[in-house]
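FYI, it's all coordinate maths here, none of it is from the lab. Quantities reported herein were computed from a predicted structural model and do not represent experimental measurements. No Cβ is skipped: glycine too gets one built from the backbone with ideal geometry, and neighbour counts run over all protein chains shown.
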């Protein structure tokens with residue numbers, strides 16, 4: 001939603017409905033925005049996947065295995081920090097995959 005200091009919030013859909021353009025134009029605007037958001041999210045996912053792979057290589061194991069066996073007893077703070085970064089990225093990957101799936105389902109409904 002768009003917010004301004006003294007105005008009430010107006011959604012994009014409400015703004016589109018106020019425009020004097022044919023419905024197929026409004027639908028095309030939404031469809032193109034949805035398509036762009038899917039592509040943008042997929043690119044973000046690629047970056048996250050690359051960063052996960054980099055950290056897993058640095059840590060010497062896949063995240064799932066590290067979760068199962070834990071870090072070595074002699075792991076320093078940097079190794080722990082890398083593991084926490086990896087854990088956050090894995091969570092972010094999961095959330096992003098859910099968002100992409102939802103956006104794709106929405107796009108197919110169009």
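Below is a table of values for the structure above.
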quantity	calculated
Computed [θ] at 222 nm, deg cm²/dmol, the chain (DSSP H ≥ 4; -39,500 (n - 2.57); rounded to nearest 500)	-26500 deg cm²/dmol
In degrees, nearest ten, helix 77-109 long axis to first principal axis of the chain (Cα)	30
Normalised contact order of the chain, rounded percent, pairs of Cα under 8 Å and 6 or more residues apart	31
Pairwise Cα inverse-distance average, inverted: Kirkwood Rh of segment 12-109 (Å)	16.2
D (Stokes-Einstein, µm²/s), Kirkwood Cα radius, segment 66-110, 0.890 mPa s at 25 °C	193
Pairwise label distance in nanometres, residue 67 with residue 32, each label 7 Å out on the Cα-Cβ vector	4.1
Principal-axis tilt of helix 23-59 within the chain, Cα atoms, nearest 10 degrees	10
Spacing of the two label points (7 Å from each Cα toward its C-beta) at residue 13 and residue 58, in nm	4.2
For peptides 64-70, 92-98, sequence by mean Cβ density within 10 Å, most packed first	92-98, 64-70
Average silhouette area of segment 15-62, convex hull of alpha-carbon atoms, in square nanometres	4.2
Candidates 47, 78, 58: whichever shows maximal mean-square fluctuation once the chain is modelled as a Gaussian network with Cα springs under 10 Å	78
Convex hull (Cα only) mean projected area of segment 39-85, reported in nm² to one decimal	3.4
Residues 83, 107, sorted so that the one with the fewest Cβ neighbours within 10 Å comes first	107, 83
